[in-house]
Amino acid sequence: MGWFAYMKKAKNHSSPMAWVWGQTGRHKKQYVFSVVLATIGVAFSLAPYFAVVGIVYGLMNENTDLFFYLISCLLMAVFWIGRVLFHALSTGLSHRATFAVLAEIRKKRLEKLAKIPLGAVLEQSSGALKNTLIERIDSIETTPAHIVPEFTANLLVPFFIMVYIFVLDWRMGLASVATMPIGMFCYAYMMKKSDRFYRHTIEATKALNDTAVEYIGGIQVIKVFGKTKSSYERFVHETNEAAHSYIDRMRVSILPFTSATVIMPATLVFVLPIGALLVKNQILSAQNLITVLILSVGLITPLITLMSYSDDLMKMGTVFGEVQKILDAPEMKRPAEAEPVKNNNIQLHDVHFAYHEKEVLHGVSLSVPEGSFIALVGPSGGGKTTLINLLARFWDVGKGEILLGGHSVKEYEMDSLMANFSFVFQSVYLFHDTVANNIRFGRTDTPIEEVVCAAKKACCHDFISALPNGYDTVVGEGGANLSGGEKQRISIARVILKNAPIIFLDEATANINPENENDLIHAIGRLTEEKP
């Protein structure tokens, strides 16, 4: 149970820890060096115990040399400084490597999102997806940055200390680890009890994140329809649910975890009486008893450090599943090399398409010769936008075939295909950037003169010039600082600048007020007038 359940091998994949190690790639050497530094640091942290043994030996032998004790104390200080120094070097090195690895993990997942059908992305909650790509991947940081070096070091050094104690006397060796099985039993019991509660915290956190994103994104609609109270109550409910899920988990975990952390270090409970009995029977020397007493006190401390990572180990199983789920999503198969589009004739042959089990296109056949105009008219939900998405291969047809220039759209590489298309959607999205950069989004190296020319053709130069910083004005996230008509005309300027041969207009004037409609119609006319 517990994190052990999460650490089981996933189908067709290795364990989460092995997966994390596999993500380190070219940074593996840095992690190995980090483990070496961490091991030296832990060794330095235990070295003072040997210095204390030397001091006790000196006192038992009536050594009155003050210089000897001063050197021993100085050595303990040096060991402590060495422990801090090597720990800092180890964590610094592992963190630099880890942040580079996390960046690469994010890049791979974002690249993957571009390769899977758009529908598969849109079906996911934006809050859950954002949570996976940002917070969840961030939460991996503890494993490679701390657990990889410290887990290894905190196991190796105590192991050698334990071997040393067993060499001195096997009975004292057993006595020094006698509290370990009891402590580990308490720890295992805690993990078993908290397993169900841990899963609940994951579900509650996801629900809270989704609700928060929905609440913030829809705040305008919420206020307009007077649903502030009811919507906020839902947010408060999810917040309380998430908070209490953690409280409930802590409630069932605190007693066994505290018992484990109290019992395991209590090595003297067994070492002292058993050692005294062995010394009394002249089986063990007094000096060796002192050595074991002092070393056993520091033996369990590194193991307690490992227990503090229990939450991170449990979290790894969940993160592994969520992040790996993105990579496991089926990709659209595309050719490795770009196939040039010879002409812009579009043909649909018996195209069927379904959203899950609901078919929305039933054997559509259509021919659109190059240089022609065609309008698809029908009720909302009739499949007009779906056809555009299939032509651009945001989705794949369930049955039938779509041809561009005599070849299936599946034969074109993504960039090669999209170079032929431009879109003006009913819902326009502008990036949190300047007006100029939003217009030149399809051609980022375009000089400002061409940007202005495209804006004039799109009938948006006048209102852009009236903005506080003109073309350098930041439009806000999603174009929040602009009206619907202004955003629509900027999107048309973007399409004009891209100058793709095929243009899709998806109800581009549906939400435009009468004042903007005339300008928008002129802009659309400019958009299409130079096409062959």
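The values are calculated or read from the model by the stated rules, or taken from the named source; none is laboratory data. These numbers come from a predicted model, not from an experiment. Counting neighbours? That spans all protein chains shown, and the Cβs are built from the backbone with ideal geometry, glycine included. Surface areas here come from the heavy atoms of the whole protein model, side chains and all, with no ligands, DNA or RNA. Shrake-Rupley method; radii C 1.70, N 1.55, O 1.52, S 1.80 Å.
Using the average count of surrounding beta-carbon atoms within 10 Å as a protection proxy, the listed peptides 484-497, 63-76, 237-250, 284-297 rank, highest first, as 484-497, 284-297, 237-250, 63-76. Contact order, relative form, for the stretch 327-456: 28 percent (alpha carbon pairs under 8 Å, 6 or more residues apart, mean separation divided by residue count). The modelled label-to-label distance between Val32 and Phe235, using points 7 Å beyond Cα along the C-beta direction, is 5.1 nm.
Points 7 angstrom from Cα along the Cβ direction at Asp396 and Ile304: gap in nanometres? Spacing of the two 7 Å Cα→Cβ label points: 5.7 nm. Phi angles of the stretch 298-307 translate, via the Karplus equation with coefficients 6.51, -1.76, 1.60 and θ = phi - 60°, into HN-Hα couplings of x, 5, 8, 3, x, 5, 5, 4, 5, 5 Hz per residue; Gly and Pro are given as x.
Phi-derived couplings, Karplus 6.51 cos²θ - 1.76 cosθ + 1.60 at θ = phi - 60°, listed residue by residue for the stretch 265-281: x, 7, 5, 5, 4, 9, 5, 5, x, 5, x, 5, 5, 5, 5, 4, 8 Hz, with x used for Gly and Pro.
Rolling a 1.4 Å probe over the heavy atoms of the protein chains gives the stretch 406-449 an accessible area of 51 Å² per residue. The packing ranking, built from the mean of other Cβ atoms within 10 Å per residue, places the peptides 412-420, 143-151 in the order 143-151, 412-420, highest first. Here the calculated FRET efficiency for Val167 and Lys192, from their Cβ-Cβ distance with R0 = 30 Å, stands at 0.25, rounded to the nearest 0.05. Backbone amide hydrogens, once placed in the peptide plane, bring Leu361 within less than 5 Å of Phe353, excluding anything fewer than 5 places away on its chain.
Cross-linked pairs Lys206/Lys498; Lys333/Lys456; Lys29/Lys108; Lys206/Lys410: Cα-Cα separations exceed 32 Å for Lys206/Lys498; Lys333/Lys456; Lys206/Lys410.
With a cut-off of at most 16 other beta carbons within 10 Å, and DSSP calling the residue loop, which chymotrypsin sites (Phe, Trp or Tyr not before Pro) in the stretch 353-388 qualify? Please list them. Passing both the DSSP loop test and the Cβ count: Phe373.
Once backbone amide H atoms are built at 1.01 Å from N, Phe504 has Ser422, Phe423, Val424 as its partners under 5 Å, excluding neighbours fewer than 5 places away on the same chain.
In the full protein context, the stretch 36-165 carries 50 Å² of accessible surface per residue, based on a 1.4 Å probe and ignoring ligands, DNA and RNA. Relative contact order, whole percent, for the stretch 452-505 stands at 46, derived from Cα pairs under 8 Å and 6 or more residues apart. Summing charges over neighbours of Ser422, with a neighbour being any other residue whose Cβ is under 9 Å away from its Cβ, gives +2 when K and R count +1 and D and E count -1.
Gain on full extension, evaluated as 0.36 nm per residue between Leu277 and Met418 minus their Cα-Cα distance, stands at 42.4 nm.
Were the residues from His244 through His362 laid out at 0.36 nm apart, the gain over their Cα-Cα distance would be 37.5 nm. When the solvent-accessible area of the stretch 372-518 is split by element, carbon and sulfur atoms take up 51 percent of it, the probe being 1.4 Å.
Summary of packing: across the peptides 361-369, 451-459, 134-142, the per-residue average of other C-beta atoms within 10 Å ranks them, highest first, as 451-459, 134-142, 361-369. Distances between placed amide hydrogens fall under 5 Å for Gly400 paired with His352, all partners being 5 or more residues away or on another chain.
Label sites at Ala120 and Phe67, each approximated as a point 7 angstrom past Cα along Cα to Cβ, lie 7.6 nm apart. Normalised by the number of residues in the stretch 27-122, the mean separation of alpha-carbon contacts (under 8 Å, six or more apart) gives a relative contact order of 45 percent.
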